Amino acid sequence: MKTLLIAATLSLASVTAQAAADSGKQLYSVYCTQCHGVAGDGKGINAAQMAVQPRDHTDTKEMSARTDEELFKVIEHGGKSINKSVLMPPWGDNLNDDEIHALVGHLRALCCQKN
Amino acid sequence: MMKGIPVKLRLTLGIAAALAASVHVAAHADTAADVKQQCGSCHALDRDYAKAAKHERAERKAPPLDFAGNKFRREWLYSWLQNPVRLRPAGVFPPAHAKPSADGDVVDTTTLAKHPALDAAQAGKVADYLMTLTPFDGLIAAETYQPGTIAQRMGQMNFGKFKGCDGCHQDAPDTGGVSGPELYTAWQRLQPAFISAYIAQPAAWDPHTMMPVGDANTAAVHKLANYLKLIGEKQP
């Protein structure tokens, strides 16, 4: 019985993690790719006209220098909140905390889970 | 008002007015049905999308029109419907039209659909009908914006350097980001109160909007609106 419960809990955790990963990917596509690019390399359709180039989210070194808390903060409150460009807007009115956490998770996948 | 008019004439006038009103209502109902049939496959005409999950945003083919009467200027609608030109360089859902290239992502214009053109009579009827869709009269009434002036240089700096609007929007042809609608004709197409109210609270209008709320206070929002007025009035 105990084994079954543990298996069910692990299975549920895995499903939840997958759902968060899917949500992060989807939200990234909707809100981030215009500037950060469909590949997350900072070369979105808006990038050519921008005075400051969007962050390359596939840059492992750069992204590893940022904590999850910093990433959460910059998504919620915008670039200005961490003394970066105003071109990174605050998404706190468009996304709830769970959605921002899912986005942070997707950024980690982009930067640091190379195939 | 009808005090000095004989009873018979009053009755006749009353019947005529009632008939005219019923004809108007019938014509209006016809247009509503036409708009639903012709526009409804791409444009949302009710608020169902607002209750749907956020990813409905990715399925949209065109902007919602359920609050068109609070948003557009009637004369612009009438004109644009006869000669529709692209307002959103990358479509209503830009990620669907972005493709990677050696120089970074570009807009795949072959995937962008053209809006059908209407004749003058149809455009007039559709514009009149759309202007009746006003679920947000309250938001408009609460708006305090009074159109004013701003110096070109100040407005431009505010739009670009200070607020970053140019990351997504163009304030002149081919100048600025392409994921949002161009804004150099915004003043011609949008009601002034809507411009201000939408910049301040975009999600109040469309909960799944891709427009963020900046850190602009009311005065700064009004400055942005005045800049759109300045550049819009310079357009032909």
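The values are calculated or read from the model by the stated rules, or taken from the named source; none is laboratory data. Not measured: the values here are computed from a predicted model. Every residue, glycine as well, gets a Cβ built from its backbone with ideal geometry; the counts of neighbours run over all protein chains shown. Just the protein is used for accessible areas: all its heavy atoms, side chains included, with ligands, DNA and RNA removed. Shrake-Rupley method; radii C 1.70, N 1.55, O 1.52, S 1.80 Å.
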#### Entry: Global size of chain A as Cα Rg and Dmax, reported in angstrom
16.0, 61
### Task
Run the numbers on region B:39-56: which residues show a drop of 50 Å² or more in accessible area, chain on its own versus all protein chains together, using a 1.4 Å probe over heavy atoms?
B:Lys54
## Note on the structure
Sorting B:His222, A:His57, B:His115, B:His55 on solvent-accessible surface, 1.4 Å probe, most exposed first, gives B:His55, B:His115, B:His222, A:His57
### Query
For region B:145-197, what does the alpha-carbon gyration tensor say about shape, rounded, prolate or oblate, given a ≥ b ≥ c as the root eigenvalues, a/c under 1.5 as rounded, and a/b over b/c as prolate?
oblate
### Message
Tell me the net charge near A:Arg66. Cut-off is 11 Å between Cβ atoms, A:Arg66 excluded, with +1 for each Lys or Arg and -1 for each Asp or Glu.
### Response
0
### Query
Ignoring ligands, DNA and RNA, what percent of the accessible area of chain B is carbon or sulfur (1.4 Å)?
60 percent
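Normalised by the number of residues in region A:2-112, what is the relative contact order in percent for Cα pairs under 8 Å and 6+ residues apart?
27 percent
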#### Entry: Paramagnetic reach from B:His28 in region B:115-129 [backbone N under 16 Å; point 7 Å along Cα→Cβ]
B:125-129
### Message
If packing is taken as the average count of other Cβ atoms within 10 Å, what order do B:100-110, B:169-179 fall into, highest mean first?
### Response
B:169-179, B:100-110
### Message
Could you put B:Arg86, B:Arg60, A:Arg66 in order of accessible surface area, largest first, with the 1.4 Å probe and the full protein assembly present?
### Response
B:Arg86, A:Arg66, B:Arg60
### Message
Over region A:27-73, what is the relative contact order in percent, taking alpha-carbon pairs closer than 8 angstrom and at least six residues apart?
### Response
25 percent
### Message
For A:Ser29, what accessible surface area do you get with a 1.4 Å probe? Give it in Å², rounded to 10.
### Response
40 Å²
### Query
Say each of B:Lys36 and A:Ala109 gets a label point 7 Å from the Cα, pointing the same way as Cα to Cβ; how far apart are those two points in nm?
4.0 nm
### Message
With every protein chain left in place and a probe of 1.4 Å, what is the accessible surface of A:Cys32, to the nearest 10 Å²?
### Response
20 Å²
## Note on the structure
Plugging the Cβ-Cβ distance of B:Lys114 and B:Thr218 into 1/(1 + (r/R0)^6) at R0 = 30 Å yields, to the nearest 0.05, a FRET efficiency of 0.20
#### Entry: Heavy-atom accessible surface that A and B bury in contact, both chains counted, 1.4 Å, Å² to 100
2200 Å²
### Message
If you take each beta carbon of peptide B:178-184 and count the beta carbons of other chains within 10 angstrom, what is the mean?
### Response
2
### Query
When only Cα pairs under 8 Å and 6 or more residues apart are kept, what is the percent relative contact order across region B:128-188?
16 percent
### Message
Tell me the per residue accessible area of region A:2-112 using a 1.4 Å probe; a whole number in Å² is fine.
### Response
54 Å²
### Span per principal axis, largest first, for the Cα atoms of chain B (Å)
79, 39, 37
### Task
Determine the order of A:Glu69, A:Glu62 by accessible area, beginning with the largest, at a probe radius of 1.4 Å.
A:Glu69, A:Glu62
### Message
Could you tell me the calculated FRET efficiency between B:Ser101 and B:Arg47, based on Cβ-Cβ distance and R0 = 30 angstrom, to the nearest 0.05?
### Response
0.20
### Task
Shielding by partners for B:106-112, please: the mean number of other protein chain Cβ atoms within 10 Å of each residue's Cβ.
1
#### Entry: For region B:49-88, convex hull volume per residue from C-alpha positions, Å³
84 Å³
### Additional length obtainable on full extension of the chain from B:Ala121 to B:Gln82, 0.36 nm per residue less Cα span
13.1 nm
### Query
Around B:Phe159, what is the net charge, scoring Lys/Arg as +1 and Asp/Glu as -1 over all other residues with Cβ under 13 Å from its Cβ?
+2
### Summary
Mean 1/r over distinct Cα pairs of the protein assembly as shown, inverted to a Kirkwood Rh in Å, yields 22.7 Å
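Quick one: accessible area per residue over region B:26-180, 1.4 Å probe, rounded to a whole number of Å²?
With the other protein chains kept in place, region B:26-180 gives 53 Å² per residue.
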### Task
First measure r as the distance between the Cβ atoms of B:Thr175 and B:Glu56, then evaluate 1/(1 + (r/R0)^6) with R0 = 45 Å and state the FRET efficiency to the nearest 0.05.
0.90
### Summary
Inter-chain shielding metric for A:91-98, i.e. average beta-carbon neighbours from other chains within 10 angstrom, reads 3
### Task
Excluding residues fewer than 8 places away in the same chain, name every one of the aspartates and glutamates whose C-alpha is closer than 12 Å to that of B:Lys99.
B:Asp108
### Task
Compute, for B:Tyr198, the solvent-accessible surface of its heavy atoms (probe 1.4 Å) with the complete set of protein chains present, and express it in square angstrom to the nearest 10.
50 Å²
